[in-house]
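See below for the structure under consideration.
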Amino acid sequence: MAGSRLDLVFGGATPQGRMLLIGAGAATDLSPFDGASTQIVQGFFPDHQALKARGLDVVTQPSGSFDAAVVFLPRARAEARARIAEAATRLPPGASLWIDGQKTDGVDSVLKELRALAPVGEIQSRAHGKIFRVTLPQPGWLPADWLARDHQAAPGMVTRPGVFSADGPDPASQALAAALPEKLPTRIVDLGAGWGWLSAEILRHPGVETLHLVEADAAALELARRNVTDPRARFHWADARDFRLPDPVNGVIMNPPFHDGRAADPKLGAGFIRAAAGLLTGAGRLWMVANRHLPYEQALRECFAEVSELGGGSRFKILTATGARRPGRPQGAPRKPRAR
């Protein structure tokens, strides 16, 4: 756990000055820090909201300057470098930049890289990870390519380090887009819209009047705003599993995530399925893609009256469902007809 390593280096004494924490989550032990002088950068909606509920200063982008910082390493190497570069721009020469990470997230390779660039010390190991301090040299010590930069992932569309499928459109989303009918419903939600590639494909179809893009990663949603400029698009920073609209829609299209960290967790996709059922009219339809081995059919049958497979291949399956069972309505209860 990250908190146990923080205890090793701070020794129970509250750090002095203004602190910047990049990547701290809801489960991070923040007891060593003074909430009044600490800013937390967290763009994942569930973690952001949980930290905010504790009265902490939580933002999606840092602001101002700081006396010291802690960077919690993500899995993606380019994102880890970008976090370190962001923190470094907010600190004066001589300040302490602490790096905390698991071995499985590449902390050893980051330590090796930084040793070649700046003074490194106070290396502590615990709980299958390390934390260490970098003493910042004069500006210009980091390679320029560590800063987060736009990457053209598709014609006219850009991504940044750390977002899902940053190198290009996800193959599962491509398979889903190819399987959609020519004409789509008028009001659609893209649950887990990412940086917008699938949403842009949806908007190419006739019939669409409004498309809601729902995404929990603030960085991905900001990219979606840049990539999808169609006036029919509406953007929502939210946890897809809890997302609701004032009025039901008649289409949901989604490529739900199925990993929590490194571990496969089909419950994530099941949560998306339940959310889709809560968003749809009784006559509305869900289209989704999933890896072939994931057991989503049971969740679909619990939430929808009709479920079928449209196609796919050895890697993916394209599933569709209609007859959403609205929360609180027993199975088989009559539904009032709605105009489509």
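Points worth noting:
- Hits in segment 132-178 (condition: closer than 16 Å to G194 by Cβ and among the aromatic types (F, W, Y)): F164
- D34 being acidic (D, E), surrounded by fewer than 21 Cβ atoms within 10 Å (Cβ to Cβ), free of Cβ contacts under 8 Å to residues at least 60 places away in the same chain and over 20 Å from A87 (Cα atoms): no
- Among the candidates G17, G64, the residue that is within 21 Å of A88 (Cβ to Cβ), in contact with an Asp or Glu (Cβ under 6 Å, 6 or more places away or on another chain) and at pLDDT below 95 is uniquely G17.
- Residues being open to solvent by 30 Å² or more (accessible area, probe 1.4 Å), small (G, A, S) and touching a strand residue (DSSP E or B) at 6+ places or on another chain (Cβ under 8 Å) - total across segment 37-55: 1
- Segment 200-220 residues that are at pLDDT 95 or above, paired with ones that are open to solvent by 30 Å² or more (accessible area, probe 1.4 Å) and in a helix (DSSP H, G or I) (beta carbon under 7 Å, 6 or more apart): A216/F45; A216/P46
- Annotation for segment 120-131: no member residue is in a loop (DSSP other than H, G, I, E, B) and among the acidic types (D, E).
- Restricting segment 132-159 to residues that are in contact (Cβ under 8 Å) with a residue 60 or more places away in the chain, out of contact with any Gly (no Cβ under 9 Å at 6 or more places or on another chain) and open to solvent by less than 60 Å² (accessible area, probe 1.4 Å), the residue that is farthest from L223 (Cα to Cα): W146
- Lone unmet requirement of (1) open to solvent by 40 Å² or more (accessible area, probe 1.4 Å); (2) within 26 Å of T159 (Cβ to Cβ); (3) not in a loop (DSSP other than H, G, I, E, B); (4) not polar (S, T, N, Q) for L8: (2)
- Hits in segment 11-31 (condition: over 24 Å from the mean Cα position of the chain (by Cα) and open to solvent by 30 Å² or more (accessible area, probe 1.4 Å)): G11, G12, A13, T14, Q16, G17, R18, S31
- E122 open to solvent by 60 Å² or more (accessible area, probe 1.4 Å) and not aliphatic (A, V, I, L, M): yes
- Out of R301, R315, sole residue that is touching a residue at least 60 places away in the same chain (Cβ under 8 Å) and of a type in the set (D, E, K, R): R315
- Residue that is most open to solvent (accessible area, probe 1.4 Å) [pool: residues in segment 74-88 that are part of a loop (DSSP other than H, G, I, E, B) and either farther than 16 Å from L21 by Cβ or of a type in the set (S, T, N, Q) (or both)]: R75
- Which listed residue, of L198, L203, L268, is within 27 Å of V58 (Cα to Cα) and either open to solvent by 60 Å² or more (accessible area, probe 1.4 Å) or of a type in the set (A, V, I, L, M, F, W, C) (or both): L268
- Some residue of segment 160-179 being open to solvent by 20 Å² or more (accessible area, probe 1.4 Å), farther than 18 Å from A218 by Cβ and part of a strand (DSSP E or B): no
- Pairing each residue of segment 50-66 that is closer than 12 Å to R18 by Cα with any residue that is among the charged types (D, E, K, R) and open to solvent by 70 Å² or more (accessible area, probe 1.4 Å), provided the two are 6+ apart or on different chains, yields C-beta distances under 9 Å for G64/R18; S65/R18; F66/R18.
- Pairs meeting the criteria (first residue in segment 103-114 and of a type in the set (D, E), second residue in a helix (DSSP H, G or I), beta carbons under 9 Å, at least 6 apart or on different chains) are D105/A80; E113/R81.
- Residue among T229, T281 that alone is open to solvent by 50 Å² or more (accessible area, probe 1.4 Å), over 22 Å from G311 (Cα atoms) and modelled with pLDDT of 95 or more: T229
- Test: residue in segment 161-184 that is farther than 27 Å from R77 by Cα, among the hydrophobic types (A, V, I, L, M, F, W, C) and free of Cβ contacts under 8 Å to residues at least 24 places away in the same chain: yes
- The single condition among (1) open to solvent by 70 Å² or more (accessible area, probe 1.4 Å); (2) assigned to a helix (DSSP H, G or I); (3) over 13 Å from L73 (Cα atoms) that L114 does not meet is (1).
- Selected residue (only one of V71, V58 is open to solvent by 10 Å² or more (accessible area, probe 1.4 Å), in a strand (DSSP E or B) and in contact with a strand residue (DSSP E or B) (Cβ under 9 Å, 6 or more places away or on another chain)): V58
The values are calculated or read from the model by the stated rules, or taken from the named source; none is laboratory data. Because the structure is a prediction, the values reported are computed rather than measured. Virtual Cβ from ideal backbone geometry, glycine too; neighbours counted across all protein chains shown. Each accessible area value is taken on the protein alone, full model and side chains, heavy atoms only, with ligands, DNA and RNA left out. Shrake-Rupley method; radii C 1.70, N 1.55, O 1.52, S 1.80 Å.
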